[in-house]
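Right, one structure below, let's go through it.
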Amino acid sequence: MNPSPPVIDVTGLTKVFGHKTVVDHLDMQVGRGEIYGFLGPNGSGKTTFIRMLCGLLRPDDGQGTCLGFDVRTQAELIKPHVGYMSQKFSLYDDMTVRENLDFISRMYGVANRSAAIDRTIGRMNLGRFRDQLAGTLSGGWKQRLALSACMIHEPQLLLLDEPTAGVDPMARRDFWDEVHKLAGEGITALISTHYMDEAERCHRLAYIAYGHLLATGTVAQVVAAEGLVTYEIAGPQLYGLIDRLRGLPGVEQVVAFGITLHVSGREADVLAHSLAPYAAPPLTLRQIPSNLEEVFISLMRKAVT
Amino acid sequence: MARIVTFSLIRFAAMVSKEFTQMRRDRVTFGMMVGIPLLQLILFGYAINSDPKNLPTAILDNDRSVFSRDMAMAMQNSSYFKFTQAIGTEAEADELLRLGRIQFVVTFPVNFGRDLARGDRPVVLLEADATDPSATSNAVSAIRQAATDAFTRDLTGPLIALRPANGPVELRLHARYNPEAVTQYNIVPGLMGVVLTMTLVIITSLAITRERERGTMENLLITPVRPVEVLLGKMLPYIVVGYIQMGLIIIAAMTLFKVPVIGSLPLLFLVSFPFIAANLGVGITFSTIAQNQLQAVQMSFFFFLPSILLSGFMFPFQGMPEWAQWIGSVLPLTHYLRVVRGIVLKGNTFVDIAPHMWPIGLFLFASLGLGIKRYRQTLD
């Protein structure tokens, strides 16, 4: 799909804090214009990995390039071309929207600063907050401002660390529309998230847990690779069933999904046999496609055991 | 509506144990809690002496007789005076006092011994650097005693009649630079150094810590900005603040306290630059060490306490034991106080104060160098 060299191309990237290996020999290749979703439980090393890519942390092992520059030795050359959005709002609360953008664009030496700021403010609809202190913005608008700040210098790569945490669905949708627009312009984005709907909007995914890469590929590839079979049970008095189902052979997950239960397992035959008794009325049983969340939880359980 | 006002011992105990847990985690705060009282105890208990002894004294002996030597010996025995040099001329005495090398000059006139033997009550002149009145007052009363004691032994037998009721010698005291011994003349110029030290160290120590605590450091580090740009960019505004503070204190000193400004104010402003920068360097270094703003403030106090107590601001420098003087000599405030008092009260010129400038400069480079070295360009 893209013949140009990958924007991110790292192998064996490792970070150790004290005695804890937070990122353990991780490989990743991301092509130009790709939206790459980065998923995994809390503390799985996503933030650490992203920080290593842009020079905020020094890798303890491994090598590779980001935008063609060595991640170990050329952090200073990578920085000007990367837009990084940290998990926590990290602009100045006590400065206005405009002052923040002005400061950031000065830091990057943006040409025609005033025009660039106006353009960004216009594009992100921040006009009416222009002179408002950043600290007084609501979560969604703070996140828009942070995104504005990380693209004002027209970076080639966006590293977004849980950019939509705590933001309402409407603002999240706007945000993703913006990311897709940028990808259309050839900008690459690596985005970490906990939201499954967001994962599904990515071109490709990587799932990491406890520092290890567990799965990569498109949503369909990741789901297929796990080989998880899922049944839906509907009927009355389902809560009483949950514990009973969990003890059955072949059953790996039982999740209440509204008024139904989703029961998943990787051993299709064993699972089918175990669930057979629950097909009788008043219950109904049917096989459904496994969703991403079930796949991820399955991946995570495997990583623990 | 029923309000629950009962006191729960369980909740209370949980609260207490939580506080202790957090206290234990916050190593710096814990260290300060132990360190500050110990430091105060040591400084107040051992280092500070409001009755300073062994004050450096120069002797100008125009008589060189057994009597002048006896009196000098008696002065030394009083333990208030320590003769550090013998000089030959009045000009040398002036020079040493002006530079603050010595606290006193004692002058014996020609024919001191002869006049004494004749019962003519010769005049002994004691010139004191009175910029800090508390350093001299006890020594002055000691010399009176010394004069009496010295000659009770000599004036015996046939000379016993020479012991006049009002003492064998006439003591004349010249309190130089601050003849009325107005404490404010000493305190107010010194206060300038103290205020600069306190405010500048605290403000800059918060500068980087605040960025880290609020999470804005991450955003700053991701930009191509260089450490020196960050550090100097944070220092420059406070240099301006420092000069504004200086201006205010000088105006107050001249108008409210009527402190006579003898030396050159432009010189004072010029030579204050390294001092201001040195304090900012300390603050910057603290801010690279402190985990949060509270720790930064605590560290600032840790620096401020010896600065105020061992610099000669509150208590006479010469009166402190040698180890305390040694610590004091490292601190920029100690040298800056001599510079300020020298310029304001004694009319010192640049050449006079130059010996106090290089320790400040050295401190500046050390603190700033440490700050830059410790400043991390990564979040590691």
Original post:
Which residue, chosen from A:192, A:139, A:50, occupies the Cα position most advanced towards the positive end of the dipole of the stretch A:8-219, where the dipole is computed from +1 (Lys, Arg) and -1 (Asp, Glu) charges on Cβ about the Cα centre?
Top reply: A:139
Original post:
Taking a 18 Å limit on the Cα-Cα distance, which of the listed pairs A:15/A:88; B:258/B:346; A:46/A:88; A:15/B:373 fall beyond it?
Top reply: A:15/A:88; A:15/B:373
**OP:** Using every pair of alpha-carbon atoms in the stretch B:55-176, split the distances into 5 Å bins beginning at 0 and state the percent of pairs per bin, rounded to integers.
**Re:** 2, 12, 24, 25, 19, 11, 5, 2, 0, 0
Original post:
Any idea what diffusion coefficient the stretch A:229-289 gets from Stokes-Einstein, in µm²/s, Kirkwood Rh on alpha carbon pairs, 4 °C, 1.567 mPa s?
Top reply: 116 µm²/s
Original post:
Counting DSSP beta bridges with both partners in the stretch A:8-219, what percentage is antiparallel, nearest 5?
Top reply: 55 percent
Original post:
To the nearest 20 debye, what charge dipole does the protein assembly as shown have about its Cα centre, counting +1 at the Cβ of each Lys and Arg and -1 at the Cβ of each Asp and Glu?
Top reply: 800 debye
**OP:** Based on the mean of other Cβ atoms within 10 Å per residue, sort peptides B:279-285, A:238-244, B:324-330 so the most packed one is first.
**Re:** B:279-285, B:324-330, A:238-244
Original post:
So how compact is chain B: Cα radius of gyration and Dmax in angstrom?
Top reply: 27.1, 103
**OP:** Would you mind checking the stretch A:87-122 for residues with the amide N under 18 Å from a putative spin-label position 7 Å along Cα→C-beta of residue A:185?
**Re:** A:101-102, A:104-106, A:108-122
Subject >> Over the stretch B:183-374, volume per residue of the alpha carbon convex hull, in Å³ >> reply: 115 Å³
**OP:** Pick out, in residue order, every one of the trypsin sites (Lys or Arg not before Pro) in the stretch B:163-263 that is DSSP loop and has at most 15 other C-beta atoms within 10 Å; say none if there are none.
**Re:** B:258
Subject >> Percent of Cα-Cα distances greater than 38 Å, calculated over the protein assembly as shown >> reply: 58 percent
Original post:
Taking Rh as the Kirkwood radius computed over C-alpha pairs, what is the Stokes-Einstein D of chain A at 25 °C in a medium of viscosity 0.890 mPa s, expressed in µm² per second?
Top reply: 116 µm²/s
**OP:** With viscosity set to 0.890 mPa s and temperature to 25 °C, compute the Stokes-Einstein D of the stretch A:34-141, Rh being the Kirkwood radius across alpha carbon pairs; µm²/s, no decimals.
**Re:** 153 µm²/s
Subject >> chain B - mean residue ellipticity at 222 nm from DSSP helices (-39,500 (n - 2.57) per run, n ≥ 4, rounded to 500) >> reply: -21500 deg cm²/dmol
Subject >> Span-rule helices in chain B, defined as complete DSSP H runs reaching 27 Å or more along the axis (Cα) with Kyte mean at least 0.0 >> reply: B:183-214, B:227-255, B:265-289, B:350-374
Original post:
Quick one: Karplus J couplings for the stretch A:68-74, per residue in order, coefficients 6.51, -1.76, 1.60, θ = phi - 60°, nearest Hz, x for Gly and Pro?
Top reply: x, 9, 5, 5, 8, 10, 10
Original post:
If you take every DSSP beta bridge whose two residues both sit in the protein assembly as shown, what share of them, in percent to the nearest 5, is antiparallel?
Top reply: 55 percent
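Values quoted throughout were computed directly from the atomic coordinates according to the rules given, and no laboratory measurement underlies them. Keep in mind it's a predicted model, so treat the numbers as computed, not measured. Please note: Cβ atoms are built from the backbone with ideal geometry, for glycine as well, and neighbour counts cover all protein chains shown.
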